[in-house]
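Asks: Here's a structure for you.
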Amino acid sequence: MKNSYTQKEQYYGDYLGLEKILDAQKPESDARGVDAHDEMLFIIIHQAYELWFKQTMHELDSIIKIFKAETIDDNVGALSTAVHRTNRIVEIWKLLVSQIDVLETMTPMDFLDFRDLLAPASGFQSVQFRTLETKLGLKMEHRHEKRHYESQLRCEHVQLIEDQGKEISWFELLEEWLKRIPIWDMKYWKDYQTPEGSQEDLHPFWATYRHTYLSGLLSAERAAISMEDFDNLFLGIGEPTTRLSMEAMQAVLFITLYRDFPLLQMPYQLLSKWIEIDDLMANWRYRHMSMVRKTIGMRVGTGGSSGANYLKGAMEKHHIFVDFTRVTTYLVPRAKLPRLPQSLVDKLRFTM
């Protein structure tokens with residue numbers, strides 16, 4: 001049977017929809033007869049942001065789909081695909097940060113030429129960006145000055161973001177995946193020898209690691225670092241101080257410590273990339289805040305927010321993957337890493 005499919009001839013402009021895209025810049029200054037040359041730059045920069053937000057969510061949705069599976073089989077490349085697409089998101093965010101360099105060629109007086117024509121429109125009203133934050137795992141109750149959402153966004157957009165918040169987020173999927181990593185099964189640890197002086201009531205690895213870490217602290221560090229925090233993060237003692245569960249924090253520390261094992265390389269890369277994305281998003285907010293201060297000083301934003309002060313608060317409060325970085329306080333040098341049971345070592349290597 002012949003394949004009836006025939007290749008449609010494409011023309012560059014039609015394929016990319018350039019007629020619509022290049023006709024989408026409608027400076028308000030032109031419509032009102034105001035001389036404001038830089039409004040075109042302002043519009044194109046923000047339209048480009050929205051296109052990259054769309055691509056970021058396209059990549060993120062594919063990663064979420066991979067992690068919604070009950071098991072993630074490295075042999076079929078699912079984790080490798082997730083790491084590859086996460087790295088693409090990293091590069092996109094590097095680009096988004098660097099776009100501010102172009103926007104900063106607009107001087108404060110250039111912006112004042114058309115600033116009043118924008119009100120009350122504001123970057124705060126980017127529904128795509130608010131949706132992206134929610135998909136990543138930012139909860140509405142954790143948002144800075146969340147009262148602005150009802151006052152500045154249309155009702156249908158507030159509802160869209162709230163509906164997205166009811167779906168499982170990437171942060172939650174990542175946590176569930178970390179909790180499933182099978183490294184604590186006692187079949188690997190039943191004959192494991194813990195060092196003298198370690199706590200006997202703990203899992204053999206944690207008894208060994210806690211003792212090793214504490215023994216390696218300098219005298220000044222012993223005064224500054226509380227082992228209560230260690231016990232809280234990795235042993236679940238006391239009220240939780242992170243969004244990540246104890247089981248997930250244990251997995252993050254173990255992956256970070258033993259990342260040189262082949263089967264832990266991809267998990268380590270994945271975690272590292274999301275820490276980097278968190279930092280890039282914070283850097284983007286910082287650059288935006290700095291630019292706003294240089295451009296409008298302490299004036300309010302066009303949408304009625306506190307301008308630079310709002311951006312500063314969001315930068316400090318809207319970290320999503322910051323819990324992953326807390327393990328760095330509790331690392332030990334490779335030379336002092338506890339030796340793993342041979343059965344677990346074999347599990348963490350690629351087998352023929």
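The values are calculated or read from the model by the stated rules, or taken from the named source; none is laboratory data. Treat the numbers as computed from the prediction; the structure is a model and nothing was measured. Reconstructed Cβ throughout: ideal geometry from the backbone, glycine too, with neighbour counts over all protein chains shown.
Asks: Give GLY216, GLY165 a once-over and let me know the one that is closer than 30 Å to GLY123 by Cα and touching a helix residue (DSSP H, G or I) at 6+ places or on another chain (Cβ under 7 Å).
Replies: After applying the criteria, what remains is GLY165.
Asks: Any residue in segment 84-103 that is aliphatic (A, V, I, L, M) and under 22 Å from MET249 (Cβ atoms)?
Replies: Scanning segment 84-103, I find no residue that is aliphatic (A, V, I, L, M) and under 22 Å from MET249 (Cβ atoms), so the answer is no.
Asks: As an exercise: evaluate ALA121 against (1) under 17 Å from the mean Cα position of the chain (by Cα); (2) surrounded by fewer than 17 Cβ atoms within 10 Å (Cβ to Cβ); (3) among the hydrophobic types (A, V, I, L, M, F, W, C) and give the number of the one condition it does not meet.
Replies: The number of the failed condition is (1).
Asks: If we only count helices (runs of 4 or more DSSP H) wholly inside segment 236-352, which ones have 1 or more residues that are on the phi < 0 side of the Ramachandran plot, of a type in the set (Phe, Trp, Tyr) and modelled with pLDDT under 95?
Replies: It comes to 262-296, 308-317.
Asks: Return the pairs, sorted by first residue and then second, in which the second residue is outside any helix (DSSP H, G or I), the first residue lies in segment 77-98 and is in contact (Cβ under 8 Å) with a residue 40 or more places away in the chain, the beta carbons are less than 9 Å apart, and the residues are 6+ apart or on different chains.
Replies: LEU79/ILE72; LEU79/ASP73; ALA82/ILE72
Asks: Residues of segment 161-215 being assigned to a helix (DSSP H, G or I), under 27 Å from PHE67 (Cα atoms) and not aliphatic (A, V, I, L, M), which ones?
Replies: Result: GLU162, ASP163, GLN164, GLY165, TRP170, PHE171, GLU172, GLU175, GLU176, TRP177, LYS179, ARG180.
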